[in-house]
Amino acid sequence: AGETVTFTLNRVTGTGTGSLTSGGTTADQVTATLNGTGQATVTLNVGGTPGRVFTVGASATLGGSTRTATSPQLTVVTSSASAIVITPSTATNVTAGGTQTITVQAQDGSGNNVNAAGETVTFTLNRG
């Protein structure tokens, strides 16, 4: 207990947002302290495009020797759809006899587009 572990976020493939958080610090590299059971914990935060792959490396000096380890690959996947976004999102004037295209996009809780092929969308026209 009391020893520190340095965690490093490694981007294996893809680009986009990803960071580690420990003790209020968020970065690609953070330090955590081993607790009374010899564990140190960090949180991996990801966002943006699915398909990116990360690993997390850890290194610590224990008993005078440096020890290292690397996590298995962590692949960012799409979350379940939890919202829809309609465009256009503001009032639009349409000339009588004209047309207006309306698009609905499913998104996850982080605002990433989600492939929800085959799901049903019901449109309702309210005449005001």
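The values are calculated or read from the model by the stated rules, or taken from the named source; none is laboratory data. Note that the structure is predicted; figures quoted are calculated from it, not measured. For the accessible areas, the whole protein counts, side chains as well, though only heavy atoms, and no ligand, DNA or RNA atoms are used. Shrake-Rupley method; radii C 1.70, N 1.55, O 1.52, S 1.80 Å.
Given the structure, is residue 33 of a type in the set (Ser, Thr, Tyr), open to solvent by 60 Å² or more (accessible area, probe 1.4 Å) and closer than 20 Å to residue 79 by Cα? Criteria not met by residue 33. The set of residues in segment 41-93 being open to solvent by 70 Å² or more (accessible area, probe 1.4 Å), under 19 Å from residue 116 (Cα atoms) and not in a strand (DSSP E or B) consists of 49, 77, 80, 82. Per this entry, residue 114 is counted among residues that are farther than 29 Å from residue 5 by Cα and not polar (S, T, N, Q).
Scanning segment 34-70 for residues that are at pLDDT below 90 and among the aliphatic types (A, V, I, L, M) yields 34, 40, 44, 46, 53, 62.
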